[in-house]
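Here's the structure we're looking at; comments come further down.
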Amino acid sequence: MSYVAAEGRYGPMPYNRTGRSGLRLPAVSLGLWHNFGDDKPIETQRAILRRAFDRGVTHFDLANNYGPPYGSAEINFGHLYQQDFARYRDELVISTKAGYDMWPGPYGNWGSRKYLLASLDQSLKRMGLDYVDIFYSHRFDPETPLEETMGALAHAVRSGKALYAGISSYSPERTRQAAAILRDMGTPLLIHQPSYSMLNRWIERGLLDVLEDEGVGCIAFSPLAQGMLTGRYLNGIPKDSRAAQGKSLDPSLLTEESLRHVRRLNEIAGQRGQSLAQMALAWALRDPRVTSVLIGASSVEQLDDSLDAINRLDFTQDELDAIDKDAVDCGINLWAASSAE
C-alpha cells in the first residue's frame, strides 16, 4: 500500500530558525545513527520514518558510516525514501556527514578534501539523491588544514550536491575559525551538531556563545545521554539495551552515583507530568540558541514518547534550579577529543 503523509503533519511541531539563515528545522529531528542498519527489520524502519513525518519531523539525519555495517543506514533509508518519500523531497531536510572511519587506507577517514568529497558522492549514490540539504564535517581533523576541510564543504555547496554546510563536535575556537573561513568563501556555516544533554553540558562553556555571535544554528545529538535519560536504566541494565550490547554506552558509566542523579531527574519529570526522556528533550531546547534536538527510535512507541516532549517545553525557574542540582557531567562525552582540539 502506497504511503500518503498525514494531512495535519504541520500542526503541533514547532519549527525553529537555524541561526540567521532562512532554514527552519523541527524542534525534534530524527537521527538514524542506530536502528537503521541491517540488524533491524526494514518494516520497523519504515514505520518509524512514516510516523515521524506524519508528526511533523521533516529532518532526517544520517552519516556515511551509520549501520551496521557501514553505509547500510543510508542504503536502507534510500530504499524507503524512493518508495515512500520521494514525492515529499521538497518538504524534507536530509543530512549526512563524513569524518570518521569509512573505508580502508589513508583516504577513508578524517577531513581531507579527497575523503569528504568522495564520501559525499558515495552517500548520494547509496540514498539515490541528487543532493543533501546539509553536509557535515563530522569531526575536526588536527592534521588537515582547516581551510582544506572547509573548502571541501564549500565546494560541495557550490557544486549543488549540498545546500548548506555544517560541522560537528568542533571546539568553540575551531568553530569560530571554520565560520570565518566559510564566510570568506561565500558559503556561510549553517549549523553545528554537538553532543548535549543534562549529563553532558560542555556546549554551555563557550560554544553556544560562539554560535550566537556567528549566527550559526545548533542541533544537539545524544540529548538522552546515549539512553541514560530514557528511564531504561533506573533499575538495572536491560538485556536489549545499548549498554548491554556495547552500543555507545559503556556499562561502567552506570554507577550508583550517576544513577542517583538520573533517578532524581526522573522524579522531577514525574512532577511535571512527563517521562524522563520528554523532560530531557524539553530541557535541551530551553535555550533558544538550540535549534533542534536529534532523537533515535527503535520503535514507533519510543518515537511517540520522545515527540510528546513538544507538549510541555516550558520550565519554571524552580524546576530549572532543581534540575541543575542533578544535571551534572557523568563522563559520557565520547566526542570530547574532537571538541578539545
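Of all the options Glu214, Glu143, Glu319, the one that moves most in a Gaussian network model of the chain with Cα springs shorter than 10 angstrom is Glu143.
Sort Val157, Val293 by heavy-atom solvent-accessible area, probe 1.4 angstrom, most to least. All intermediate terms of the calculation are to be shown ahead of the outcome.
Details: Val157 35, Val293 0 Å².
Highest to lowest solvent-accessible surface, that is Val157, Val293.
How much accessible area per residue does the chain have, in Å², with a 1.4 Å probe? Present the calculation step by step, with values, prior to reporting the outcome.
Numbers: 13880 Å² over 341 residues.
Each residue of the chain exposes 41 Å² on average to a 1.4 Å probe.
Per residue, how big is the convex hull around the C-alpha atoms of the range 287-341? Give it to me in cubic angstrom, could you? List each step's numbers first, then the result.
Numbers: hull volume 8.3 nm³, N = 55.
Hull volume normalised by residue count: 151 Å³.
When the solvent-accessible area of the chain is split by element, carbon and sulfur atoms take up 49 percent of it, the probe being 1.4 Å.
Return the tail of the calculated pair distribution for the chain, meaning the percent of Cα-Cα pairs more than 25 Å apart. Spell out each step's value before the answer.
Numbers: 28788 of 57970 pairs.
Value for the chain: 50 percent of Cα pairs lie more than 25 Å apart.
Just checking the listed ones, Thr175, Thr44, Thr18: in the Gaussian network model of the chain with Cα springs under 10 Å, the one fluctuating most is Thr44.
Relative to its residue count, the range 59-147 spans a Cα convex hull of 90 Å³ per residue. Beta-bridge orientation, the chain: approximately 15 percent antiparallel, per DSSP, counting only bridges with both partners inside.
I want the local charge near Ser275. Using Cβ-Cβ distances under 9 Å, sum +1 for each Lys or Arg and -1 for each Asp or Glu among the other residues. Present the calculation step by step, with values, prior to reporting the outcome.
Details: positive: none; negative: Asp305, Asp308.
Neighbourhood net charge equals -2.
Go ahead and estimate [θ] at 222 nm for the chain from helices alone: -39,500 (n - 2.57) per DSSP H run with n ≥ 4, summed, over the residue count, rounded to 500. After summing the helix terms and dividing by the residues of the chain, the value is -10500 deg cm²/dmol.
Once divided by 2.2 N^0.38 Å, the Cα radius of gyration of the range 41-104 becomes 1.15. Here the convex hull built on the C-alpha positions of the range 119-203 has a volume of 103 cubic angstrom per residue.
Near Ala309, once Lys and Arg are set to +1 and Asp and Glu to -1 for all other residues with Cβ below 12 Å from its Cβ, the sum equals 0. The alpha carbons of the range 1-108 give a radius of gyration and a Dmax of 14.9, 48 Å, in that order.
Between the DSSP loop rule and a limit of at most 13 other Cβ atoms within 10 Å, which trypsin sites (Lys or Arg not before Pro) in the range 147-241 are left?
Those that pass, being in a loop and sparsely packed, are Arg205, Lys239.
Comparing Thr255, Thr316, Thr96 in a Gaussian network model of the chain, where Cα atoms under 10 Å apart are tied by springs, the biggest mean-square fluctuation is seen for Thr316.
Membrane-span-like helices of the chain, defined as complete DSSP H segments with a Cα extent of 27 Å or more along the helix axis and a mean Kyte hydropathy of at least 0.0, are absent.
The values are calculated or read from the model by the stated rules, or taken from the named source; none is laboratory data. All values derive from a computational prediction rather than experimental measurement. We place every Cβ from the backbone using ideal geometry, glycine too, and count neighbours over all the protein chains shown. For the accessible areas, the whole protein counts, side chains as well, though only heavy atoms, and no ligand, DNA or RNA atoms are used. Shrake-Rupley method; radii C 1.70, N 1.55, O 1.52, S 1.80 Å.
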